[in-house]
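Trainee: Below you will find the structure I want to go over with you.
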Amino acid sequence: MNFTFPSPGSMGEQIELSLYPPSTDNSLRPWDGADEYLIEALREDPDRGEAERTAVVNDSHGALALSLGKSAVICLNDSFSDRTGIRINGEANGAADSLNFAGFLDDFECDWDRILMKIPKTLNLFRFQLERMAEKIDRPVPIMAAGMAKLMPISFYEAFEASVENAEYSLIRKRALYYKGLLIPRKKKATENHQFLWNDRPFVSLPGVFSYGKPDWGTLFLLDRFPRVDPPELVIDPGCGCGILGIQAALTWPDARVIGTDDSALAVESARLSAQINGVSDRMKFLHTNILEGVEDRSADLVICNPPFHSQHRIQLERGFAFIEESARVLKTGGRLFLVSNRYLGYEKQLKCAFQSMKILGQDSKFRLYMCRK
């Protein structure tokens, strides 16, 4: 389904946007009130004509980058799906050639006149991104940032104030908050990781990675009931986060190869570093991709999965369904999926459709562990 992004007026023509990944949820749109707020604030900015080189940060489907046209010189984004959505919409709007992507761990160019930023959903990631950009620039750069108000307590503005001069915030408009100021160069290197211990083993967690700084409860539920199966040749951990499930597989089966995947480049790097310090990196491979894109059909003996189920801060069961379908695709005949989920999500119907057999291995008041055979 295509959506027409609200006219940016003097910024250019209306743009047609579609969701990626596609969704049947008619309440989802490829932009939100924060995108609209930023475009309106930019149009009203008296210095807009002097800023020809704009860094667009955390755009998801191209609402910001495509509205700015050629003045958007870089899209800073660590999400594989977000980059893919921007590319798809860029092609649909005849602007694919002008898009330039980089992640926050890349050595990106930073000769910018302005930064236009969607505020990420976690405070630690917001702080890290501000620090990382401040580390790269060599002169003060105007920054305009917005996010949905209900997701942004005062601590977000305090983090913004710590990195910029002349910080200001707006009244809520379109259910969004808007910040602006001057991002100041800094020589201090941004804090890039946090280590935690599980079972006396160290793991690395970069800012913004799911369950930052600790294993989440669903993962712990699966780890406490880790699969007891014949040694597999290839294990896959989709949505690997910091890599704890895949690394446990590599430690449990010393001859197994393990592939971990994640939509977040920061998660992929966290998992790579975690594998390295646990001495299993020679048998592990990590892919920055959407679910299991790039993994061969019928190649794996075992998939161990704690799938995400949110989109735009909302529960979206289609996310979990896609992980189930992709897991079935990459498993060999006779291969097994071990999947943990919140009990209320009710994945049983989809699991029964995708696999030859399904049973519940364990459950408590919050979680349920399924074992399915291809």
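The values are calculated or read from the model by the stated rules, or taken from the named source; none is laboratory data. Note that the coordinates shown come from a computational prediction; the quantities given were computed from them, not determined experimentally. Quick reminder, even Gly has a Cβ in these numbers, built from the backbone with ideal geometry, and neighbours come from all protein chains shown. Heads up: the accessible areas ignore ligands, DNA and RNA and are worked out on the full protein's heavy atoms, side chains in. Shrake-Rupley method; radii C 1.70, N 1.55, O 1.52, S 1.80 Å.
Rundown of residues vs (1) modelled with pLDDT of 95 or more; (2) open to solvent by 10 Å² or more (accessible area, probe 1.4 Å), yes/no style:
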{"residue": "VAL209", "(1), (2)": "no, no"}
{"residue": "ASP216", "(1), (2)": "no, yes"}
{"residue": "GLU233", "(1), (2)": "yes, yes"}
{"residue": "GLY246", "(1), (2)": "yes, no"}
{"residue": "PRO254", "(1), (2)": "yes, yes"}
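Trainee: Collect the residues in segment 349-360 that are in contact (Cβ under 8 Å) with a residue 12 or more places away in the chain and either open to solvent by less than 80 Å² (accessible area, probe 1.4 Å) or polar (S, T, N, Q) (or both), keeping them in residue-number order.
Mentor: Those that are in contact (Cβ under 8 Å) with a residue 12 or more places away in the chain and either open to solvent by less than 80 Å² (accessible area, probe 1.4 Å) or polar (S, T, N, Q) (or both): GLN350, LEU351, ALA354, PHE355, GLN356, SER357, MET358.
Trainee: A further question on this structure: Where residues in segment 342-368 are closer than 17 Å to PRO308 by Cβ and aliphatic (A, V, I, L, M), which of them is modelled with the highest pLDDT?
Mentor: Going through the qualifying residues, I end up with LEU351.
Trainee: Could you identify the single residue in LEU317, LEU345 that is of a type outside the set (D, E, K, R), out of contact with any Cys (no Cβ under 8 Å at 6 or more places or on another chain), farther than 12 Å from ILE236 by Cα and open to solvent by 50 Å² or more (accessible area, probe 1.4 Å)?
Mentor: LEU317
Rundown of residues vs (1) aliphatic (A, V, I, L, M); (2) open to solvent by less than 70 Å² (accessible area, probe 1.4 Å); (3) in contact with a Phe, Trp or Tyr (Cβ under 6 Å, 6 or more places away or on another chain); (4) under 16 Å from ASN58 (Cβ atoms), yes/no style:
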{"residue": "PHE104", "(1), (2), (3), (4)": "no, yes, no, yes"}
{"residue": "ASP107", "(1), (2), (3), (4)": "no, no, no, no"}
{"residue": "ARG114", "(1), (2), (3), (4)": "no, yes, no, yes"}
{"residue": "LYS121", "(1), (2), (3), (4)": "no, no, no, yes"}
{"residue": "ARG132", "(1), (2), (3), (4)": "no, yes, yes, yes"}
{"residue": "ASN166", "(1), (2), (3), (4)": "no, no, no, no"}
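Trainee: Shifting gears a bit: Look through segment 139-187, keep the residues that are part of a loop (DSSP other than H, G, I, E, B) and in contact with a helix residue (DSSP H, G or I) (Cβ under 7 Å, 6 or more places away or on another chain), and return whichever of them is farthest from ALA41 (Cα to Cα).
Mentor: Across segment 139-187, the extreme among qualifying residues is ARG186.
Trainee: Turning to a different aspect of this structure: Going by the structure shown, is VAL204 of a type in the set (A, V, I, L, M, F, W, C), assigned to a loop (DSSP other than H, G, I, E, B), in contact with a helix residue (DSSP H, G or I) (Cβ under 6 Å, 6 or more places away or on another chain) and surrounded by 15 or more Cβ atoms within 10 Å (Cβ to Cβ)?
Mentor: The answer is no for VAL204.
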